[in-house]
Amino acid sequence: MTDLRSPNPAKSTARDYLRQSLNLVLAPAMWILSSIGFISDSARTASEFSDMSDNLLVPLGPAFSIWFPIFVGCIGYGIIQALPKHRTRALFRAVGWWTAAGFACVCGWALITAYAPDAAVQWGTALIFIPAVAALNIATIKFTRRADTLSGLERLFTWVPISLIAGWCSLAIFLNWTPITYDLFAGGEASLTSSLLILAAALGLIVWVCRAAQCNKIYVVPAIWGLGWLAARHLIAETDTPIIGIVALIGILLLMASALWKPHGAKPVYESRST
């Protein structure tokens, strides 16, 4: 059978060049645009945006440090997929448009966070996260199902960062929607019931994608990281709503189980298709 680790010998097209260029440019653009608030007085920082609402599901600040390895890894992905030898490679053709779309939406989220009027910023960030999460999760599922075609170094700088950004955004999207649920169902007040329902929905999505992506362990790491800092907030830093911290810890166990338990007879993610 054909060794899928080799680049696809198909002829290059204009779409291939565009796909590579978009990923190469948008990957670092996510980092640059997300940092605008720190270098421009006219832009809102992500922290300032978060402080606009009393969101019970926002974890302690160190949780957001995960963006650093995500940004670095995505830049690595952008460079690797842009190499001439990967221009027509079937794997990057399958995932490249999805990653480009996800990166573009994250860039849009950063711009909305920084510059949207106060009255529109919450809805704007929440809505743009929907296509972002959809695109990145589809890319992760497609990537994982073809992960056996990647070398070890390629996995580290392509599959891993895409799995990480998809996993983190799958949790972050619910953080953006939580204040909106407060406005719609709790008169704008922070609601424990709404928070728990949103947290349950987040866990449901992440478990579903994890299973669809062949129990992708990397995908659940960012969510486990975020839930750990959420539990620390409600069990250590603040003690008014310990139930959220307890549910966060239960969520961690659920995500670990979803990534580690495989149905009998399931094939390993890296089982070679060339054998």
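The values are calculated or read from the model by the stated rules, or taken from the named source; none is laboratory data. Values in this document were obtained by computation on a predicted structure and should not be read as measured data. Methodologically, a virtual Cβ is constructed for each residue, glycine included, from the backbone with ideal geometry; neighbour enumeration extends over all protein chains shown. Calculation scope for accessible area: heavy atoms of the full protein, side chains included, ligands and nucleic acids excluded. Shrake-Rupley method; radii C 1.70, N 1.55, O 1.52, S 1.80 Å.
Compute the Cα gyration tensor for region 40-114, then decide on rounded, prolate or oblate, letting a ≥ b ≥ c be the square roots of its eigenvalues: rounded whenever a/c is under 1.5, prolate when a/b is larger than b/c in the other cases, and oblate in all that remain.
prolate
Per DSSP helix of 4 or more residues, -39500 (n - 2.57); summed, then divided by the residues of the chain. What does that give at 222 nm, rounded to the nearest 500?
It lands at -22500 deg cm²/dmol.
Lys and Arg at +1, Asp and Glu at -1: add these up for the other residues within a Cβ distance under 15 Å of Asn23 and post the number.
+4
Take each of the peptides 116-123, 240-247, average the number of other beta-carbon atoms within 10 Å over its residues, and list them starting from the highest.
Going from most to least packed, we get 240-247, 116-123.
In the chain, what is the count of Lys pairs whose alpha carbons are under 16 Å apart, counting only pairs at least 8 residues apart or on separate chains?
5
Relative to the longest principal axis of the chain, what angle (0 to 90°, nearest 10) does the C-alpha long axis of helix 217-232 take?
It works out to around 10 degrees.
Take the Cβ-Cβ distance between Arg145 and Ile250 as r, set R0 to 30 Å, and report the resulting FRET efficiency rounded to the nearest 0.05.
0.55
So, with a 1.4 angstrom probe, what is the percent of accessible area on the chain that is carbon and sulfur?
Numbers: 8830 of 12720 Å².
It is 69 percent, rounded to a whole number.
For Leu33, what accessible surface area do you get with a 1.4 Å probe? Give it in Å², rounded to 10.
Using a 1.4 Å probe on the heavy atoms, I get roughly 40 Å².
Please give the per residue accessible area of region 161-216, computed with a probe of 1.4 Å over protein heavy atoms only, in Å².
Result: 34 Å² of accessible area for each residue.
If a/c stays under 1.5 just call it rounded; otherwise compare a/b with b/c (prolate if a/b is bigger, oblate if not). Do that for the chain, with a ≥ b ≥ c from the square roots of the Cα gyration tensor eigenvalues.
oblate
Can you tell me the 0 to 90 degree angle between the C-alpha axis of helix 192-212 and the longest principal axis of the chain, rounded to 10?
Between the helix axis and the principal axis of the chain, the angle is about 10 degrees.
Angle between the Cα long axis of helix 67-81 and the longest principal axis of the chain, 0 to 90 degrees, nearest 10?
Helix 67-81 and the main axis of the chain meet at about 20 degrees.
To the nearest 10 square angstrom, how much accessible area does Phe38 have with a 1.4 angstrom probe?
Using a 1.4 Å probe on the heavy atoms, I get roughly 150 Å².
Give the Debye-formula value of log10 I(q)/I(0) at each listed q (0.17 Å⁻¹), with one equal scatterer per alpha carbon of region 163-252, two decimals each.
Log10 I(q)/I(0), no solvent term: -0.71.
Which of rounded, prolate, oblate describes region 73-128, given a ≥ b ≥ c as roots of the alpha-carbon gyration tensor eigenvalues and a/c under 1.5 marking rounded, otherwise prolate only if a/b is larger than b/c?
Prolate.
Using 0.36 nm per residue, how much length does the chain from Lys85 to Leu197 gain when fully extended, once their Cα-Cα distance is taken away?
On the way: separation 112, 0.36 × 112 = 40.32 nm, distance 4.68 nm.
Full-extension gain reported as 35.6 nm.
Per residue of region 33-47, what does 6.51 cos²θ - 1.76 cosθ + 1.60 with θ = phi - 60° give for ³J(HN,Hα)? Whole Hz please, x for Gly and Pro, Karplus curve as stated.
Computed from phi, the couplings for region 33-47 are 5, 6, 9, 4, x, 8, 10, 10, 5, 8, 9, 8, 7, 4, 5 Hz.
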